[in-house]
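Right, one structure below, let's go through it.
The values are calculated or read from the model by the stated rules, or taken from the named source; none is laboratory data. What you see is a predicted model, and the numbers here were worked out from it, not measured in a lab. No Cβ is skipped: glycine too gets one built from the backbone with ideal geometry, and neighbour counts run over all protein chains shown. Keep in mind that these areas ignore ligands, DNA and RNA; they rest on the heavy atoms of the full protein, side chains included. Shrake-Rupley method; radii C 1.70, N 1.55, O 1.52, S 1.80 Å.
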Amino acid sequence: MAFRLTDDLIAGHNSKAAGWLEDDYAHLGRQLARRGVEIERLTERAMAFRVAVPSWGVGTGGTRFARFAGPGEPRDVFEKLDDCEAIHELVRVTPGISLHIPWDEPEDAAALREFAAKRGLFFDSMNSNTFQDQPGQKLSYKFGSLTHTDPAVRRQAVEHNVHCIELGRKLGARSHTVWIGDGGNFPGQVHFRRALERYLESLRAIYAALPDGFRMFIEHKLYEPAFYSTVLNDWGVSYHCTRELGPKAFSLVDLGHHAPNVNIEMIVARLIQFGKLAGFHFNDSKYGDDDLDAGSIKPFQLFLVFHELVQAELEGVAGFDPAYMLDQSHNVTDPIESLMTSAMELVRAYVQAHLVDRAALAEAQERNDALVALQALKQAFTTDVAPILAMARKRAGGAIDPLGTYRASGYRQRKAEKRPATGRVQAGIV
Ligand code: AOS
Ligand code: ZN
Ligand code: ZN
């Protein structure tokens, strides 16, 4: 029997912290009541939050220089789901899985779906990969995939995406995410307009394969692996393409895919307003597509993004239904610890955004009182909502202290015994 984090184990650890949690929660409840905020309403929100975990995120990542394997890494998709289960058991907001094909291609879709369901997990979004050549692949993506000049390469890339959608249908997934690395490394290499026309032609063929109720997410990225020009380079191009494609196509925002200092929260607001926000690949970044843990570098930006999201939620914007997913690369941390921490940071930003005094903010905006408007946001952002997050996890059966509980459980050491290192040295970005 594989070692699992049981409810008993979590409850045992929780009993040590229950005393201070009750105290802190009551204290914060009194503080918030003075501000006219009902703490229970926030705890409900925290319990309702959901974010999907990427199947590629539970393995140790790597950079283009090297990959340093961690102990007890999952060796196949089933072991990856075991780790996803551990994350969800502790934080209770991550039942969804974003699945990567072909890295996590199952031999038997029905068996994988059942395996996930038994662990309280489900498949959320499918993710295609035409940014690498796979062993035995007929045609190369060295010079592009969905936008390649050769129609045969484009056809192969389209077929791969259609295969992902077909598999997603069997797995009960709800969306298909397309990110391509296509672009140019030198001026003159790519005819900008023709490449985008080819992109749209390929995407139309993929779109046509979407089953009822399935959404298609397209993910733009400023640069990398193409360092001069990328075909789907920014949200404007992405928005144009989703409009061209139809009502099932939406623009996905990965927080690391923008030029430095870009106002991402404003992009989010625009996409909400235009009815085309797919959702997110959450992570954090200092310089580029760093894929660092959510909230580790720019927590205020994360809060401001959630401020836009919560505002749309509270205003009941028609069609607003964003998919939240993590997309990170864990190079120096235990992936389970990073994914748990990131999920909790998202709940924190979500709860803090719910704390914004929206009446005061609206009034300040009407009066053009910039300082008071900022204060309305800062008051929410600087409120320590940790007791709400911990209480929400406890009530949902999760851990008051997920990191402490995880480390005390010895999960990783136990897995290291059962999952000996393969000895393969790989380099690559996930
Ligand atoms: C690449 O930079 C994108 O963020 C992708 O969303 C993602 O990392 C990839 O699809 C994982 O395979
Ligand atoms: Zn991404
Ligand atoms: Zn990325």
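Observations on the model:
- Cut-off of 10 Å, at most 11 other beta carbons, DSSP loop: longest stretch of the chain lacking such trypsin sites (Lys or Arg not before Pro): 143-285
- Å² per residue, accessible surface of the chain at 1.4 Å: 45
- Solvent-accessible surface (1.4 angstrom probe) belonging to Tyr223, in square angstrom, nearest 10: 80
- D_trans [Stokes-Einstein, Kirkwood Rh over alpha-carbon pairs] for region 332-430, 20 °C, 1.002 mPa s, µm² s⁻¹: 126
- Descending semi-axes in whole angstrom, ellipsoid equivalent of region 24-71, from the Cα gyration tensor: 42, 13, 9
- Remark on region 147-223: hydrodynamic radius 13.4 angstrom, per the Kirkwood mean of 1/r across alpha carbon pairs.
- Scanning residues 5 or more positions from Val253 or on other chains, those with amide H under 5 Å from its amide H are Ala278, Gly279, Phe280, His281, with H placed 1.01 Å from N in the peptide plane.
- Of Met344, Met47, the residue with the largest accessible area leads and the full order is Met47, Met344 (1.4 Å probe).
- For the listed residue pairs Lys170/Lys298; Lys298/Lys415; Lys118/Lys221; Lys80/Lys248; Lys118/Lys170, the alpha carbons are over 27 angstrom apart in Lys170/Lys298; Lys298/Lys415; Lys118/Lys221; Lys80/Lys248.
- Here, the chain yields an orientationally averaged convex hull projection of 21.4 nm² when only Cα atoms define the hull.
- Paramagnetic reach from Ala66 in region 300-336 [backbone N under 16 Å; point 7 Å along Cα→Cβ]: 331-333
- Residues with amide H under 5 Å from that of His176, placed H, sequence gap 5 or more: Met126, Arg215, Met216, Phe217
- Along the axis of the charge dipole computed for the chain (Cβ charges of +1 for Lys and Arg, -1 for Asp and Glu, origin at the Cα centre), the listed residues Ala18, Ala109, Ile218 are led at the positive end by Ala109.
- With a cut-off of 11 Å between beta carbons, the residues surrounding Leu196 carry a summed charge of -1, where Lys and Arg count +1 and Asp and Glu -1.
- Residues Tyr141, Tyr199, ordered by accessible area of protein heavy atoms at a 1.4 angstrom probe radius and largest first, appear as Tyr141, Tyr199.
- Relative counts (whole %) of C-alpha pair distances in region 19-155, using bins that are 10 Å wide: 10, 27, 25, 20, 11, 5, 2
- Using every pair of separate Cα atoms, the Kirkwood estimate puts the hydrodynamic radius of region 300-344 at 12.6 angstrom.
- When +1 charges are put on Lys and Arg Cβ atoms and -1 charges on Asp and Glu Cβ atoms, the dipole computed for the chain relative to its Cα centre reaches about 360 debye.
- Extension gain, Arg358 back to Arg41 (0.36 nm per residue minus Cα-Cα distance, nm): 112.6 nm
- Expressed as a whole percent, the proportion of Cα-Cα pairs in region 105-240 lying more than 21 Å apart is 44%.
- Cα Rg, Dmax, region 210-322, angstrom units: 14.0, 41
- Region 191-260 - Kirkwood radius from inverse mean 1/r over Cα pairs (Å): 12.7
- Along region 292-309 the Karplus relation, 6.51 cos²θ - 1.76 cosθ + 1.60 evaluated at θ = phi - 60°, assigns HN-Hα couplings of 7, 5, 3, x, 7, 10, 10, x, 5, 4, 4, 4, 5, 4, 5, 4, 5, 5 Hz to successive residues, with x for each Gly and Pro.
- With all protein chains modelled, accessible area of Glu166 [1.4 Å, Å²]: 70
- Sites Phe227 and Ala152, calculated FRET efficiency, Cβ-Cβ separation with R0 45 Å, nearest 0.05: 0.95
- Neighbourhood charge, 12 Å Cβ-Cβ cut-off, centred on Leu21 and excluding it, Lys, Arg +1 and Asp, Glu -1: 0
- Under 16 Å from a label point set 7 Å out along the Cα-to-Cβ vector of Val317, the amide N atoms of region 268-284 belong to 268-281.
- At R0 = 45 Å, FRET efficiency that the Cβ-Cβ distance of Glu107 and Asp384 yields, to 0.05: 0.40
- Evaluated at q = 0.12, 0.13, 0.20, 0.24 Å⁻¹, a Debye calculation over the C-alpha positions of region 268-386 (equal weights, vacuum) places log10 I(q)/I(0) at -0.48, -0.56, -1.15, -1.37.
- Solvent-accessible area of Phe122 with every protein chain in place, 1.4 Å probe, in Å² to the nearest 10: 80
- The modelled label-to-label distance for the pair Gln132/Met266, using points 7 Å beyond Cα in the direction of Cβ, is 3.7 nm.
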